[in-house]
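The values are calculated or read from the model by the stated rules, or taken from the named source; none is laboratory data. Remember, predicted model here, so these are calculated numbers, not experimental data. Glycine gets a Cβ as well: all are built from the backbone with ideal geometry, and neighbour counts include every protein chain shown. Surface accessibility is based on the protein's heavy atoms, side chains included, excluding ligands, DNA and RNA. Shrake-Rupley method; radii C 1.70, N 1.55, O 1.52, S 1.80 Å.
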Amino acid sequence: MSIFCRTTASISRTFTRSRFQPSTLPFTILRPASTMSHRVPKLNDPSLLKTDVAYVNGEWVKAKSGKTFEVFDPSSGKLIGTAPEMDAEDTQKAIDAAAAAFPSFRIKTGRERSKMLRKWYDLMVENSEDLARLITWENGKPLADAKGEITYAANFFEWFSEEAPRIYGDTIPASIPANRIVTIKEPVGVCGLITPWNFPAAMITRKIGPALAAGCTVVAKSPGETPFTSLALAELAHRAGIPKGVVNIVSALKNTVEMGEVLTTSPIVKKVSFTGSTGVGKILMKQSSTTLKKLSFELGGNAPFIVFDDADLDVAVAGAITSKFRSSGQTCVCANRIFIQSGIYDSFAQKFAAKVKEFKVGGGYTEGVTHGPLIHDRAIRKVDSHVRDAEKKGAKVIQGGQKMPELGENFFQPTVITGMTTEMALATEETFGPVAGLFKFDTEEEVIRIANSAEVGLAGYFFSKDVARVSRIAEALEVGMVGVNTGLISDPAAPFGGVKESGFGREGSKYGIGEYQTIKMITYGGMGGDLQK
Ligand code: SIN
């Protein structure tokens with residue numbers, strides 16, 4: 001079972017400054033000064049960097065206690081700034097603000113809400129360079145990837161701005177002749193949104209976009225590791241004229257659990273959407289049962305990635321590179337278990353490892369860098385333990401496999417391992433890092449049995465040119481999303497979500513807005529009948 005996918009609460013609890021004291025790090029002396037890999041970005045609009053404040057009821061506020069927590073650049077270990085350590089009382093204030101804003105926001109027309117989202121989208125596009133720099137700074141991903149994320153993130157606002165005016169109900173033929181039945185869709189109410197650090201912009205827009213389109217108001221908890229991107233988005237919401245109280249962004253690190261508890265138990269909050277680990281998802285679901293909230297959870301992955309003998313090898317290698325190493329393996333849809341049919345196993349491994357060898361690892365602002373650091377030292381420890389475990393049990397590291405102290409505490413070599421077996425930790429746990437373990441298989445039946453043995457089922461991928469096999473395997477995989485002959489499935493137009501312990505609900509697409517609505521049925525009696533004479 002995967003419990004590692006962006007553990008927002010548990011990671012936050014153990015994320016301490018002491019691990020990042022720059023003066024104690026070996027890499028400060030080993031790093032070549034000329035690489036410029038750990039620069040501090042210059043923003044075109046410095047007012048987008050909001051430190052020490054959160055956004056509640058249309059205002060920039062500090063934590064009532066005055067406490068803050070520190071946020072560090074994962075590349076350099078250096079302090080970026082501090083954010084408010086908000087507590088239950090601060091969270092309650094944000095919930096109250098969202099509740100006060102709801103009555104007037106819900107009656108705005110879809111077109112009015114659409115225009116606001118569109119304006120917010122336009123501002124994201126205008127400020128995309130700065131937003132990307134912020135992401136690279138606090139998350140570590142290379143600038144090109146961060147720019148890609150901003151486009152992806154903004155597109156959720158664009159998509160849902162187009163959905164907002166098109167919220168339709170049904171007319172339903174009744175069983176009783178004199179009755180008429182119609183349905184209308186209503187916003188569910190105040191929503192609590194809890195988002196992870198791996199996509200500091202896209203995971204929050206994927207939730208706020210449909211919520212606002214539906215007419216809901218929100219309290220979003222920003223990730224403790226990456227609060228500044230969300231706060232920059234709040235600044236743009238302000239500039240876009242989103243009414244006060246409609247969007248509230250709160251922050252916490254140590255108090256993450258307390259904040260989650262308030263959001264999931266408050267009777268005012270009617271819906272919670274969470275992206276994070278399966279373990280934390282189970283806790284939040286239990287807490288939410290006290291008020292029977294509407295929920296949508298996008299949880300851990302452990303995606304199978306299958307290459308059949310009849311696949312186009314180059315396409316499969318390219319797909320594996322994209323799927324496995326996007327964001328250095330820190331996405332819930334990343335390939336985790338790579339299954340290669342025996343006839344092509346050796347040639348795939350060779351080509352794949354050769355491509356991975358070409359990666360350039362470093363600080364995200366450095367020209368040409370393809371892969372950045374992992375988010376923190378706990379992530380490094382997990383990745384390292386998976387590699388060591390595989391080696392101990394007989395696998396062979398054919399590329400990478402080591403930490404990179406010469407770059408910094410959070411860097412790990414992109415790694416390829418052959419000879420994987422199902423006894424190894426990587427087979428059952430999500431690595432959430434840049435380690436590709438290659439498993440050999442012989443038959444369809446065997447690979448589907450192993451692929452489906454996971455308790456989670458978010459994404460799955462396979463490569464084949466056989467049309468009949470394509471439909472057989474797509475239908476047999478127990479996952480919410482399938483990539484056929486592609487390693488990239490994320491698209492605001494596509495329904496994102498899983499089955500089994502990967503959660504429930506769908507984000508993006510025409511289905512995403514439904515997660516923020518309730519269907520009200522209205523029956524009109526005494527209708528119809530004979531025309532009056
Ligand atoms: C995730 O890791 O959950 C998000 C991945 C994506 O949207 O592509």
For this session: Sort out which residues of the range 326-346 are under 14 Å from Tyr461 (Cα atoms) and within 16 Å of the ligand (Cβ to nearest atom), and write them in order of number.
Result: Cys332, Val333, Cys334, Ala335, Asn336
Seminar exercise, completed: Going through the range 414-435 in order, the residues found to be of a type in the set (Ser, Thr, Tyr), free of Cβ contacts under 8 Å to residues at least 60 places away in the same chain and open to solvent by 10 Å² or more (accessible area, probe 1.4 Å) are Thr421, Thr422
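Residue-wise test of (1) over 16 Å from Ala232 (Cβ atoms); (2) buried (at least 17 other Cβ atoms within 10 Å of the Cβ); (3) more than 26 Å from the chain's Cα centre (by Cα).
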{"position": "Asn44", "(1), (2), (3)": "no, no, yes"}
{"position": "Asp52", "(1), (2), (3)": "no, no, no"}
{"position": "Phe69", "(1), (2), (3)": "yes, yes, no"}
{"position": "Met86", "(1), (2), (3)": "yes, yes, no"}
{"position": "Asp96", "(1), (2), (3)": "yes, yes, yes"}
{"position": "Met116", "(1), (2), (3)": "yes, yes, no"}
{"position": "Met124", "(1), (2), (3)": "no, yes, no"}
For this session: Looking at (1) of a type outside the set (Lys, Arg); (2) crowded, with 24+ Cβ neighbours inside 10 Å; (3) within 13 Å of the ligand (Cβ to nearest atom); (4) over 18 Å from Leu426 (Cα atoms), find the lone condition where Thr322 falls short.
Result: (2)
Exercise. Just one of the numbered conditions (1) in contact with a Pro (Cβ under 6 Å, 6 or more places away or on another chain); (2) surrounded by 24 or more Cβ atoms within 10 Å (Cβ to Cβ); (3) farther than 30 Å from Glu478 by Cβ is not true of Ser230; which one?
Worked result: (1)
Problem set entry | Subset of the range 126-156 [buried (at least 24 other Cβ atoms within 10 Å of the Cβ) and of a type in the set (Ser, Thr, Tyr)] | Thr136
Problem set entry | Failed item in (1) under 27 Å from Asp73 (Cβ atoms); (2) open to solvent by less than 20 Å² (accessible area, probe 1.4 Å); (3) in contact with a helix residue (DSSP H, G or I) (Cβ under 9 Å, 6 or more places away or on another chain), with Asn255 passing the rest | (2)
For this session: Mind listing whichever residues of the range 344-392 are among the charged types (D, E, K, R) and under 25 Å from Ile306 (Cβ atoms)?
Result: Asp346, Lys351, Lys355, Lys357, Glu358, Lys382, Asp389, Glu391
For this session: Test Tyr511 against the criterion of being within 16 Å of the ligand (Cβ to nearest atom), touching a residue at least 24 places away in the same chain (Cβ under 8 Å), touching a Pro at 6+ places or on another chain (Cβ under 8 Å) and of a type outside the set (Gly, Ala, Ser), and give yes or no.
Result: no
Exercise. Taking the range 462-504 as the search range and keeping residues that are within 14 Å of the chain's Cα centre (by Cα) and among the small types (Gly, Ala, Ser), which one is surrounded by the most Cβ atoms within 10 Å (Cβ to Cβ)?
Worked result: Ser502
Exercise. Going by the conditions given, is Lys147 closer than 27 Å to Val257 by Cβ, among the charged types (D, E, K, R) and within 16 Å of the ligand (Cβ to nearest atom)?
Worked result: no
